């Protein structure tokens, strides 16, 4: 067992993957720094799992090279890549105890029993499973099984961790708890981690950097705050943020966005016949019908607890606004919405690119 | 050992590694490829050779067979259509319309049989072309028996999957004792079978009503299922002789009905076993929602459940069809002239005086094998979709 | 999974329904009975009833007379004939002289079985003890016959010929079938082609297989004749010596039944979750290691079930020995079914039924034991 931190960098160099005639991954370029927590974020079919599997060696790319550290591992079998992987289904061997599951990678390497037992105990302690070492996977809860999978991954101290949607099979409350655990563990161990998910909250909370993928193409690679505040295109803007960014269709003429018979002042200038304006619910506010940038009718209000979400009908569009928790408007009331120009994102509708 | 992978040098993979290690996940190492494909090839030869031998023998004549082995047509021996001619055209009534005539004959005699208590229709005398008769019999009996078996078995399997049964153990014991009584009365005391059966049935209903409430122990669905499936353990030899006597007593010997019923019973356990698994795995919400809408049990079964199990149903039907097509023991015991099936024709080529007429037998065997191969192709397509696996696991 | 069969419509009073609706409702309420009645009746009439009837045959001397069959109750005489009487050698084989080696092995078997019984005494209910006692009694009896006949250098009878076909045959078929399934589960091209091809022997009528194999195994006219000549075996007739005949029979039976094991095991191997195999690959295990540690343990429950099903069918073997050797030489390839048929042809219907019943008892005890101790054990392991 290698001790210490042999964290390695990861590089995808023009990687492409097609299954038959279907192109799943296009010209994928990505460099991950040693010790970084990188999240591959995207919907299903976006190619994120394929990229992970190519990195693990379970798939071979149709074109391009993959590097771990300084080695070109494109044609190397998984077992020689010094990686660990946590599967979405955990892939725990049902006929082995927890201890045997965790110790399997070491058993494969034919470590002497004493060393193996010590390592198993150490890994189990890190995920708080030392009391369950003699149980079988079918006797454990979802969260416990997930921790067994984690322990099995960390026991070898590999240079890269790969995780394929490890939290998606857990219920919401447990997911939040495990997110914190994962982040803490990665911070402690410092191993380079590539994490695949479709949940943008996981991406925002866990990542050092996020790579957003859609239909096999990398949309944006940046830190979570950058992705949130400075989305590169419409897809990223709508994918990140909960509730999602409001999207209004219209046209950009000079410094104003025109739609629904209204003109909204914008910060960027341009001349685009088909444009999309985006504003996040927390960046706009409700006010008197005459005092707002635009005015519309309340479609519905939802009290979340610490705030109220107000959905406003404006022409053919709907805008969701985060309002004060004591907002007392009712369905059908007229209401005004303030759209500050500095929080308005303008996108070209055809290309999706952000206009800066 | 643990540090080996960091020292792993890709450029200089040794020859041994290149030969024994797979080049990538999802592919085989070169050595492994050679080994695997050669074993598969050897086994393929082993499988195909007897079939090949049967096919070419059907094209040989007596001399070619008896003089020692010949392997290749046109090289070792001259292929002839003798065997085919003798089998299929030699008898005077064997012509293209023979099968149509047999079917009509069958229909005519079945109707006559059904209506016999009411009106007497003289049965049509068969103009027998033995081989076409056997072929028609095989086809008709197999198909009808399969449909009947799958229908009855599916219904029972569905009921066992959805409805709770609680037969009282005491009632079952009474029933068994009554059966024993009927048999003893009929064999040792000479009571006519219909009289003792009627008395036994009446006694059963009366006793079950009267004593039923006192019995506490009852069996459940699992037991009934086990009982039905375990019927397969029964060696047919145990029942053929009594069945012969029984059928003779009701004058159903050498009839299609007898064989259809018997084939159905013989394969019922398989149908129940396979279909029960399919039904149990269907989500119950579909049926519950139909119930709320007021559908009858049979309506749910026919409209909702059966269509959902189509692949499993098809696979089961094909399997039973093949088993019925190949069935020999019951046929040979219970048929004499009219209901002979193809396997009996094959066996008949083993004549006493002339020895085995191999070439003719092979021709008949080939005709038996071809539909079966087609069904095998269809069946494996279903199995490869994992359709039948669930049942085996259970 | 069940729900009430009572589906009377709420809100509609019975008096308000028309008579056909009421009749339909009555049918639906009793749907449970109607669904299961055909199957139960068929089994009762054509399986249970004849089986019990057959017992009467076995307990009687049956003769054909002018107006049918005449039964005369003779108790267990037909059964005695198989074990102690004129049929003993035919059925059980020669059991004397009892060699030292045989006695030693028998002693070992008895001790092992009794110890197993003793160990279960503490943990089992009386019903289970009864079952185990039956299994134990059968085991000791079979062990006795084995040691007295085969291991003492004597000839075996139809009982052990049948067991040979079942035990040795199933074992060989299982090993080869699973091996083929393993080969086919590798990433090869044409897996479906092989699947179809290997499935075909199972679908040919056993009768046809019997005759085909007889043709092929013929030493003068069959295809192996020149090969035998080359090997210097041209005077060898496999059907002349008991054991070579039995082995040839087993090989031909395997030709037909290996596909069954192959298909089931291949499906089982394909159903091992891909994730588990990939996880083991990432963790560095070799293919052999993966098979032993990950794949095989998940396949074992299916394997023992398949073995049980095959064994149940194997006890019934009849066509192959009948056609290929007529049970010969002597009666050394006769299975018990065949034995029963030949005895029936000799007009001794009582003995024929007795032998059939002995086969039934043998099959039920062996298969039930295997099911209870092995199959259920495996299933319990994976479902607990």
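Bear in mind that the values in this text are calculations on the coordinates, not laboratory data. This one's a predicted model, so the numbers in the text were calculated from it and none came from an experiment. Quick reminder, even Gly has a Cβ in these numbers, built from the backbone with ideal geometry, and neighbours come from all protein chains shown.
Rounded, prolate or oblate: pick one for region B:203-247, where a ≥ b ≥ c are the square roots of the eigenvalues of its C-alpha gyration tensor, a/c under 1.5 means rounded, and failing that, prolate if a/b is larger than b/c, else oblate. Oblate, because a/c is 1.5 or more while a/b does not exceed b/c. Using the rule -39500 (n - 2.57) for each DSSP H run of four or more residues, divided by the residues of chain C, the 222 nm mean residue ellipticity is -20500 deg cm²/dmol. Per the Cα gyration tensor, the protein assembly as shown maps to an equivalent ellipsoid with semi-axes of 67, 39, 32 Å, ordered largest to smallest.
Taking chain C as a Gaussian network of alpha-carbon nodes connected by springs under 10 Å, the highest mean-square fluctuation of the residues C:187, C:97, C:223 belongs to C:187.
Between residue A:299 and residue A:114, the simple spin-label model (points 7 angstrom out along Cα→Cβ) gives 7.0 nm. Extending 7 Å from Cα along the Cβ direction at residue C:167 and again at residue B:119 yields two label points whose distance is 6.5 nm. Going by neighbour counts of Cβ atoms within 10 Å, the residues C:289, C:90 line up, fewest first, as C:289, C:90. Where both bridge residues fall in region A:137-239, DSSP classifies roughly 50% of the beta bridges as antiparallel. Oblate is the label for chain B, because a/c, from the alpha-carbon gyration tensor with a ≥ b ≥ c as root eigenvalues, is 1.5 or above and a/b does not exceed b/c.
For region B:196-295, what class follows from the C-alpha gyration tensor (a ≥ b ≥ c being the square roots of its eigenvalues): rounded when a/c is under 1.5, otherwise prolate if a/b is larger than b/c, else oblate? Don't skip to the end; give the middle numbers.
On the way: a/c = 2.03, a/b = 1.32, b/c = 1.54.
Oblate is the answer for region B:196-295, as a/c is 1.5 or above yet b/c matches or exceeds a/b.
Helices in chain B, meaning DSSP H runs of at least 4 residues, each add -39500 (n - 2.57). Divided by all residues, the mean residue ellipticity at 222 nm is -21500 deg cm²/dmol. Distance between the pseudo-spin-label points of residue A:268 and residue C:111 (7 Å out from Cα toward the beta carbon): 9.0 nm. Sorted largest first, the principal axis extents computed over the alpha-carbon atoms of region B:28-170 equal 66, 54, 28 Å. Residues in region A:75-111, backbone N under 17 Å from the label point at residue B:18 (7 Å along the Cα-to-beta-carbon vector): list them, ranges by number please. Residues A:75-77 fall inside that zone.
Springs join every pair of Cα atoms under 10 Å in this Gaussian network model of chain A, and among A:194, A:272, A:240 the largest mean-square fluctuation is at A:272. Going from the fewest other Cβ atoms within 10 Å to the most, the residues A:127, B:150 appear in the order A:127, B:150. For residue B:229 and residue B:97, the FRET efficiency from 1/(1 + (r/R0)^6), where r spans their Cβ atoms and R0 equals 41 Å, is about 0.40.
Ranking of B:130, C:70 by neighbouring Cβ atoms within 10 Å, starting from the fewest: C:70, B:130. Comparing B:49, B:77, B:247 in a Gaussian network model of chain B (Cα springs below 10 Å), the most mobile by mean-square fluctuation is B:49. With R₀ fixed at 30 Å, the C-beta to C-beta distance from residue C:103 to residue C:361 puts the FRET efficiency at about 0.70.
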